[in-house]
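First the structure, in the form of structure tokens, and then the observations on it.
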Amino acid sequence: FDGGYYERAYKLLSKKSASDFSKKQYKLEFTYRLGRITHKMKRSDEAIAFYQQTVNNGREETWFYACNSALQIGHIYEDAGRKQQAVSFYKTCLSIKPDEYKSSLHQKAKAGINRLK
């Protein structure tokens, strides 16, 4: 993914499912990574579905996956001109309290809300 090999990464991950992983953290990372990959591939509906699954299953966890997923859904909706939905997901991001990257993710969500005022 980091090298821009989105198709290759998607093909690798699409052979798996979240149930292939035993730990909850890995299940969340799996759906999060598929969201990131499909987002970069400009497959917004698919990305939103993966991100939403991550938010639904991880909002109470301490990992950053759900928080960043909510932020990314906000970006997708903002880019599509769907301001109300974007603000809603930016607020969802702010409601999630991960141990890692909290300040950065929350700052980006606040900036998104401010842009859409």
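The values are calculated or read from the model by the stated rules, or taken from the named source; none is laboratory data. Since the model is a prediction, treat every value here as computed from it, not as a measurement. Heads up, the Cβs are rebuilt from the backbone with ideal geometry, glycines too, and the neighbour counts pull from every protein chain shown. SASA here: full protein model, heavy atoms, side chains in, ligands and nucleic acids out. Shrake-Rupley method; radii C 1.70, N 1.55, O 1.52, S 1.80 Å.
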**Study point:** Positive-end residue of Q53, Y90, Y65, charge dipole of the chain with Cβ unit charges
**Key:** Y90
**Study point:** Exposure ranking of Y10, Y65, Y5 by accessible area [1.4 Å probe, largest first]
**Key:** Y5, Y10, Y65
Check your understanding: Which value, in debye to the nearest 20, gives the size of the charge dipole of the chain about its Cα centre, when Lys and Arg are +1 and Asp and Glu are -1 at the Cβ?
Key -> 180 debye
Practice item. Please say if the chain is rounded, prolate or oblate, where rounded means a/c under 1.5 for a ≥ b ≥ c the square roots of the C-alpha gyration tensor eigenvalues, and otherwise the choice is prolate for a/b larger than b/c and oblate otherwise? Key: oblate
Practice item. For K83, go through the aspartates and glutamates and keep the ones whose alpha-carbon is under 18 Å away, minus same-chain ones fewer than eight residues off. Key: D45
Practice item. For the stretch 2-82, compute the number of Lys pairs whose alpha carbons are separated by less than 18 Å, excluding pairs fewer than 8 positions apart on the same chain. Key: 6
**Study point:** Top of K24, K83, K16 by mean-square fluctuation, Gaussian network on the chain, Cα under 10 Å
**Key:** K16
